[in-house]
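**Student:** Please see the structure below; I have some questions.
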Amino acid sequence: MKKLILILSILFIFQLLLMSRVTACGEKMADLDAQISRLEEENQKLEVKIASNLSYRQIAQKAVEAGFLPVSDRLDREFSMAIRR
């Protein structure tokens, strides 16, 4: 009878330890799920930003800021210079 009580006590303690571990793993999983959601949202925002930076208007504006001329302006200047000569 004493052995049975001892075995049941050990099993009970073991079960408590397992339940504690399962709870800790569940909390860690919830934290990781929240982190995944945050990272997916951030990734989506970055994809939108990349797409907007690659838009034609944005590229054209950056080209003008860098000193490039639109093709039609450059052709007009070259043509007017050829006429002046």
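**Student:** Looking only at the stretch 63-82, filter to residues that are of a type in the set (A, V, I, L, M) and loosely packed, with under 11 Cβ neighbours inside 10 Å; which one of those is modelled with the highest pLDDT?
**Tutor:** Restricting to residues being of a type in the set (A, V, I, L, M) and loosely packed, with under 11 Cβ neighbours inside 10 Å, the top hit is 66.
**Student:** Going by the conditions given, is residue 30 surrounded by 10 or more Cβ atoms within 10 Å (Cβ to Cβ) and modelled with pLDDT under 90?
**Tutor:** When the stated conditions are applied, residue 30 does not pass them.
The values are calculated or read from the model by the stated rules, or taken from the named source; none is laboratory data. Because the structure is predicted, anything quoted here is derived from the model rather than measured. Note that we place each Cβ from the backbone using ideal geometry, even for glycine, and neighbour counts take in every protein chain shown.
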